[in-house]
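The values are calculated or read from the model by the stated rules, or taken from the named source; none is laboratory data. If you're wondering where the values come from, they're calculated on a predicted model, not measured in any experiment. Virtual Cβ from ideal backbone geometry, glycine too; neighbours counted across all protein chains shown. Protein only, heavy atoms only, side chains kept; ligands, DNA and RNA dropped before computing areas. Shrake-Rupley method; radii C 1.70, N 1.55, O 1.52, S 1.80 Å.
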Amino acid sequence: MDYVSNSLYGDFDAGEAHQRLPEITDIRDGHIRNEVTAAVVDIVPDYFWTAPAASKYHPAEHRERHGLWLHTKRVCTAFERYIQSMQKQGHFTGTDADAGRAACILHDALKFGHEPTSVNGTIHNHDRLGATVLSEETDLPQKTIDAVDEHNGPWYAGDAPSSHVSQIVHVADMTASDVNVDVAVKDPHDVLQQQFPNVEVR
Ligand SMILES: [Fe+2]
Ligand SMILES: [Fe+2]
């Protein structure tokens, strides 16, 4: 199927949510997976699928169209890399891993605020705004909400990381934004493949 970006606007169903963010299917806990799917369908704004990540602190391709979506997928990949170590150290339960996966998928959901908005500048409190909306409109674990609130570490409006889950989500976000690190992405959607033909796939 040939996609144009415009086909990304408007309503879509759970199956399409999983095509856009197949990282959702890495979540093992059925309840958390369903809550994330519903949040991607109902809470993630239209602009999320086309906006750049729009920050001078990102690799060049994240500053292009669809960069925020690509960045989000890279955060998920980076987080996966740390899970086994954290579990073996006794810092993560299986549910913690899923709570963190959920946070990675949704951490920048409201990067540019509520619609209508401009995508020219990151909203300074997008961490807290995202956490507030997710806590009011979903039944996601508290550790997911906190990790969204705390994903910017010592910067922006949210608190500093207060759990291992929050800390690793923060680290994964930084890893995925590092100009020196090339992070692969899981099963990129056709639109992403067209925009970023050289992206590494996992
Ligand atoms: Fe962010
Ligand atoms: Fe981010």
Mind listing the phi-derived Karplus ³J(HN,Hα) values for the range 10-20, rounded to whole Hz, using 6.51, -1.76 and 1.60 with θ = phi - 60°, and x for any glycine or proline? x, 5, 8, 9, 4, x, 5, 4, 6, 6, 6
In percent, what relative contact order does the chain have, based on Cα pairs under 8 Å that are 6 or more apart in sequence? 23 percent
By accessible area (1.4 Å), largest first, R101, R202, R28 order as R28, R202, R101
Rounded tilt (10° steps) of 126-137 against the dominant C-alpha axis of the chain: 80 degrees
Carbon + sulfur, % of accessible area of the range 136-202 - ligands and nucleic acids excluded, 1.4 Å: 45 percent
T132 paired with D11, simple spin-label distance in nm, labels 7 Å along Cα-to-beta-carbon: 2.8 nm
Solvent exposure, largest accessible area first (probe 1.4 Å, DNA, RNA and ligands not counted), of M174, M86: M174, M86
Work out how far the C-alpha atoms of the chain reach from end to end along every principal axis, then list the three figures in whole Å, largest first. 45, 34, 33
Going by accessible area, probe 1.4 Å, with all protein chains left in place, what is the ranking of Y47, Y82, largest first? Y82, Y47
Sorted by chain and then number, the residues having a modelled amide H within less than 5 Å of the amide H of V185, at least 5 places away or on another chain, are E200, V201, R202
Would you kindly state how much longer the chain becomes between D187 and T95 on full extension, computed as 0.36 nm times their sequence separation minus their alpha carbon distance, in nm to one decimal? 30.7 nm
Taking Cα atoms, how many degrees apart are the long axis of helix 30-42 and the longest axis of the chain, rounded to 10 and kept between 0 and 90? 40 degrees
At 222 nm, what value in deg cm²/dmol follows for the chain if DSSP H runs of at least 4 each add -39500 (n - 2.57) and the sum is divided by all its residues, to the nearest 500? -14500 deg cm²/dmol
Accessible area in square angstrom per residue, the range 49-92, 1.4 angstrom probe: 44 Å²
Can you work out the Karplus-derived ³J(HN,Hα) for every residue in the range 71-84? Use 6.51 cos²θ - 1.76 cosθ + 1.60 with θ = phi - 60°, whole Hz, and x for glycine or proline. 4, 4, 5, 5, 4, 4, 4, 4, 4, 4, 4, 9, 4, 4
Peptide ranges 141-153, 12-24 listed from the most packed, as the mean C-beta count within 10 angstrom indicates: 141-153, 12-24
Under a point-charge model restricted to the Cβ atoms of Lys and Arg (+1) and Asp and Glu (-1), what is the dipole moment magnitude of the range 130-194 relative to its Cα centre, in debye to the nearest 20? 160 debye
Measure off, as a whole percent, the carbon and sulfur share of the 1.4 Å-probe accessible area of the range 13-95, all protein chains present. 45 percent
Normalised by the number of residues in the range 84-185, what is the relative contact order in percent for Cα pairs under 8 Å and 6+ residues apart? 25 percent
Could you pull out every residue, at least 5 positions away or on a different chain, whose amide H is within less than 5 Å of the one on A53? Hs are placed 1.01 Å off N in the peptide plane, and Pro or chain starts have none. R63, E64, G67, L68
Taking only protein heavy atoms and a 1.4 Å probe, what accessible area per residue, in Å², does the range 109-164 have with all protein chains in place? 50 Å²
